[in-house]
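Quick note: the coordinates plus some simple rules give every number you see, no bench work behind them. This one's a predicted model, so the numbers in the text were calculated from it and none came from an experiment. Cβ coordinates were reconstructed from backbone atoms using ideal geometry, including for glycine residues, and neighbour counts include every protein chain displayed.
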Amino acid sequence: MQRKTVKSFSLAIATLLIVSLSGCGSNGSNSGVSADKAPIRIGQATALTSEYTVVGQYLSNGTKMAVDEINAAGGISGRKIQLVQEDSANTNPAAVNAINKLIDSDNVVAIMGPDLSTQNFAVAPIINKAKIPFTVQGTNAKLLDGNSWFFRLRPDDGLAAKTAAKFAIEGLKKKKIGVTHDSDEFGVGGRDLIVKAVQDLGGTVVGEESYNSNDKDLTAILTNIKNKGAEVIIDWGHPSQSATLQRQNKQLGINLPIIGSPGMGMPATIQLAGDAANGTYVVGDPVPSLNPDPKVQAWVKKYTDLYKAAPDFHSASAYDGIYMLKMAIEKAGSTDATAIQKALLTIKDYQGMGNTFTFTDGNGAHMVMITQIENGQNNKLIQTVKL
Amino acid sequence: MNKKVLRYLVFILLAAVILSIPGVMPNNYYRGLANLSLIYVIVALGLNFIYGYTGYISFAQAAFFGIGAYTTALLGVDHHISFWLALPLSGIMASLFGVLIGIPSLKLTGHYLAMATIGFGIIVQMLMQNWTSFTHGATGVGNIPGISLGGFTISSASQYYYFLLFFVVLSILVTWSIEHSNLGRSFKAVREDEIAAATSGINLTFTKVFSFALSAFFAGIAGGLYASMSAYISPDTFSFDQSIVFFTMVLIGGAGTMLGPVIGAILLTFVPELLRFMKEYYMALFGIGIVLIMIFIPQGIVNVFAKDGQFAEWITAKRTARVESPQKDL
Amino acid sequence: MIQLLISGLAMGSIYALVALGIVVIANAVNVVNFAQGENVMLGAYVAATLTLTLHLPILAAYAISIILLALYGYIFQKVAYYPLRKKPFITVVVATIGVSMFLKNAARIVWGPQPIYFAGPFGESMIRVGGVSINAQNILIIVVTLALVVFQHFFFAKTSLGRQMQATAQDQEAATLMGIKVSRMIAFTFIYSSMLAAAAGVLLAPIFYVSADMGANLGLKAFAASIIGGFGSVPGAILGGLFLGVLEIFAAAYVSSLYKDAFAFIVLILILAFMPRGLFGEKISTKV
């Protein structure tokens, strides 16, 4: 390699770096546009890369759809919404950087938070310091402790886990319960809640087995659960492993009934599990397609036409999140953070595409559904549970 | 103009630029990145001991970083031990683990050592994630106390910048003095030829294990700083992927030089962030970038601008770095 | 028990196949290809696209995928290895890591983030023997891996091309003196390794699902398998793969599913502590 080429290549990199650094200050301000006409910036940090893009895409689509609708209808009090999306890459440092960028560089007035609880935990100190309304997708029961700027759009795992345990024991009349879960924060948090709920209801957890987010074979886990005498499996995990669990449950002839976490009902999971998904129970966010309200049915159709794929509860909650932010900003009459926070806390019985929202504290969604998968669709309603 | 005067002028200019960074940065997002890059500089300087100077591949640096972070976090949260006591303990704890991995690695070379360090890193991460009663498990450790010094609490990003800068300067000074000590010369001798080093009276066992411990110590200190600055840590941050990023920092900057890891760490913290505007495309592009850098400047950026380490030599007025790759024969 | 063993052997065969792809390259050019897992992913995606989108018969899709990956292998070595052939080992390794980052993210952009279920030729049929159900795909994986190992043995021992590749791997200078076109042989090695990746990809697709991240952990496990067996040894890679697959599943069943991976890596480090060159590695000659 010629030394000159090498040098110019390196210089090019250095120049690129300097140019982009010097340019970075300019994108934050709306100079030149009067404040009452300038667009309202709303940020979203979600997985645009990493394996969690599968969820990130639902969130991103739901959000974009709401923003486009609102802008087409004239915006919020005459101001358009400008959506700024940043990648949280499913890691804490990336989520922290994304949130810092949205707050400091993009001057957003509110943020749609990243997908997993751990990232929400990681950014909580920043949000509390910056004092900015922040919608939460993470479902960890402890996530809202001390975080007064967090507004959760999903039912928390405490409710879902309790409902799953109750359904197993009282609905299915099975007292011996096997718990399988992902070894990550979501799965472990879910497991603890399920174990406690089962004990409170007089059942026994006969086996707890965990898997990692990249495991492909769950034979050992299923065999163990079966050998320990479980009559039903409650699973708390993510699409790939949840699908494998259902498949191998049938393939190995174990055939235990499975009650799954919300992820079990995602179209992605059902598609992966194929026929094995039929019969599985899902405890999770209300399923939009099961909502008889014609408004919701029209939304499901519009979404499906737009993105060539059916929406899931993530898309619904993101969509509802944007509309509730709009309501709050209109009610507050300004984009002042404290005013928006106050206005969000007055939302009562808002009928969204997914849940029905009432924010007396940061927890807005108080309803979960027990559904059963039939004919490859998560479309059979067993029970709706409200707190 | 006198060469000496010129050197001082450049030195003062450089110091002025470094000190003015928090003021120049447009907002706290960039200040936050600058702070993160300073922490990574310390990690990369540490990795440089084992890889750059001694010539052994280690993919366990994120694990040492994590051990340091967990030590400070758990001592602070569960035992209410002050940051100032927890920080050195973080370094010591990480270096104990460095010794632990250093001893079996004495017999290992090349691919085998690389794999052993990968395995070690994965085991550490699994323990962080699953040993819930001790590490708080997958949920992570939150509300890690901040840093205060005689009634003054560090709170703003700019204050953190100067605080971290102090540790970076300290790390550079320590690196510099080790590099020019007998120990540093032993490291390099082992890198060049183990057998020759042993015959010339260098204690191989001590040198290799010490190099591992030193690498881990730097990472542990950086981890402690990271935990206190971010107030929340969780196991998924300290992954094999992160170890690869640290390794790439050293390689891209220039392994075996003092400035290389510094430049590499800053570059690899800022570049992916500056590529964010490409949304879902930026990581793919980043991958291509790494391949291109490996093809065009495999010896590291520092060595392009300073033939035979002239730049560092010129600044420090000492004979220091070298240009050949520190690669051992595998 | 039998179920566990078969599942373990099937997973082990997959590790072995991927490890084989890593080892043939390492032997030829002394480089660990960290992108091998992503090559597997590519093979699976190509076959899945041909079958699910273009509705080709599954065996034709397998064949085309293997051929396309052969072509890819040639390009890969031209772009990411050839310019670096005189560079130190670790430089090339980091370059392959760069390639793997690119492939993973590019695949997600091209094929989308949703994992795909791509059934094997036997669909979901199960073989039931004496109350034990065994996935037909698992048997297929074990059989094909065995067949490929036998094929490779004859290819390197009996054919002219195989012998030339073998000679190149053993001693490049001697091979040059013998009139072997070394760079061409290296290209063939990359091609062969990519074809192995495609074979692994289509075989494991029904079990792993086809997604951009399917290869990430696989490459690492395969590398571990080849290290356990003794790096550079072909029988070592195969036995190391089988050992790792069986170890993992029994650790999950009888030790702790939580610490399964940690357990596997502890065993790996213990093996290395007592056998620094793995179970079947060559003896250390130059070390003190």
Checked the stretch A:157-284 against the a/c 1.5 cut and the a/b vs b/c comparison, axes a ≥ b ≥ c from its Cα gyration tensor; verdict rounded
Taking R0 as 41 Å, what FRET efficiency do you get between C:Ile75 and A:Lys342 from their Cβ-Cβ distance, rounded to the nearest 0.05? 0.10
In nm, what is the difference between 0.36 nm times the number of residues separating B:Ala196 and B:Leu292 and their Cα-Cα distance? 31.0 nm
In the Gaussian network model of chain C, springs joining C-alpha atoms below 10 Å, which of C:Leu69, C:Leu54, C:Leu220 carries the largest mean-square fluctuation? C:Leu54
Which one, B:Leu267, C:Ala119, B:Phe238, projects farthest toward the positive side of the charge dipole computed for the protein assembly as shown from Cβ point charges (K/R +1, D/E -1)? B:Leu267
To test your reading of the geometry: what angle, between 0 and 90 degrees and rounded to tens, separates the Cα axis of helix A:185-200 from the longest principal axis of chain A? 40
Hey, quick one: spin label on B:Asp78, modelled 7 Å out along Cα-Cβ, who in the stretch B:214-241 has an amide N within reach, i.e. under 16 Å? B:233-235
Per residue of B:296-305, how many C-beta atoms from partner chains lie within 10 Å of its own C-beta, taken as a mean? 5
Could you check the simple spin-label distance between B:Leu149 and A:Asn375, using points 7 Å along Cα→Cβ, in nm with one decimal? 7.0
Which entries of A:Lys301/A:Lys331; A:Lys226/A:Lys250; A:Lys176/A:Lys226 have Cα-Cα distances beyond 20 Å here? A:Lys301/A:Lys331
Rounded to the nearest 10, the angle in degrees between the Cα long axis of helix A:239-251 and the longest principal axis of the Cα atoms of chain A comes to 20
Per the C-alpha gyration tensor (a ≥ b ≥ c, the square roots of its eigenvalues), the stretch B:29-316 is rounded if a/c is under 1.5, else prolate if a/b beats b/c, else oblate; here it's rounded
Calculated from DSSP H runs of 4 or more alone, at -39500 (n - 2.57) each and per residue, what is the 222 nm mean residue ellipticity of chain A, nearest 500? -13500 deg cm²/dmol
Counted neighbours (other Cβ, 10 Å), sorted fewest up, put A:Leu345, A:Leu325, B:Leu251 in the order A:Leu345, A:Leu325, B:Leu251
Order the peptides A:350-358, B:3-11, A:132-140 from the highest to the lowest mean number of other Cβ atoms within 10 Å of their residues. A:132-140, A:350-358, B:3-11
Quick calc: nm separation of the 7 Å Cα→Cβ label points for C:Ser160 and A:Leu256 -> 6.1
Mean-square fluctuation maximum in Gaussian network of chain C, Cα pairs under 10 Å, restricted to C:Ala253, C:Ala225, C:Ala28, hits C:Ala253
In nm, to one decimal, how far is the C:Leu5 label point from the A:Tyr350 one, both placed 7 Å along Cα→Cβ? 6.0
Peptide ranges A:50-57, C:110-117, A:365-372, B:60-67 listed from the most packed, as the mean C-beta count within 10 angstrom indicates: B:60-67, A:50-57, A:365-372, C:110-117
Based on DSSP H assignment, which helices of chain C show an axial Cα extent of at least 30 Å together with a mean Kyte-Doolittle hydropathy greater than or equal to 1.0? C:2-29, C:89-111, C:136-158, C:182-208
Greater than 23 Å apart at Cα, pairs in A:Lys142/A:Lys380; C:Lys87/C:Lys181; A:Lys101/A:Lys308; A:Lys216/B:Lys107; A:Lys129/A:Lys342: A:Lys142/A:Lys380; A:Lys101/A:Lys308; A:Lys216/B:Lys107
Fewest-first ranking of B:Ser20, B:Ser158, B:Ser211, using other Cβ atoms within 10 Å as the exposure measure: B:Ser20, B:Ser158, B:Ser211
Decide, for chain C, between rounded, prolate and oblate: order the square roots of the alpha carbon gyration tensor eigenvalues as a ≥ b ≥ c, take rounded if a/c falls under 1.5, and otherwise choose prolate if a/b is larger than b/c, else oblate. oblate
In range of the label at B:Phe206: residues from the stretch B:185-200 whose backbone nitrogen is under 17 Å from the point 7 Å along Cα→Cβ: B:185-191, B:197-200
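Per DSSP H run of n ≥ 4, the term is -39500 (n - 2.57); total these for chain B, divide by its residue number, and report the mean residue ellipticity at 222 nm rounded to 500 deg cm²/dmol.
Theoretical 222 nm ellipticity from helices: -23000 deg cm²/dmol.
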Of A:Leu116, A:Leu252, A:Leu344, the most mobile residue in a GNM of chain A (C-alpha springs, cutoff 10 Å) is A:Leu252
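Order of A:Thr304, A:Thr63 from fewest to most other C-beta atoms within 10 Å?
A:Thr304, A:Thr63
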With R₀ set to 25 angstrom, the calculated FRET efficiency between the beta-carbons of C:Gln170 and C:Tyr82, to the nearest 0.05, is 0.75
Please give the calculated 222 nm ellipticity per residue for chain C, where each DSSP H segment of at least 4 residues contributes -39500 (n - 2.57) and the sum is spread over every residue; nearest 500 deg cm²/dmol? -23000 deg cm²/dmol
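Take every residue in peptide A:268-280, count the Cβ atoms of other chains within 10 Å of its Cβ, and give the average of those counts.
Per residue, the average neighbour count from other chains is 2.
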Within 10 Å of each Cβ in B:272-281, how many Cβ atoms from other chains are there, averaged over the peptide? 6
Residues A:Thr204 and C:Val255, FRET efficiency given R0 of 22 Å [Cβ-Cβ distance, rounded to 0.05]: 0.45
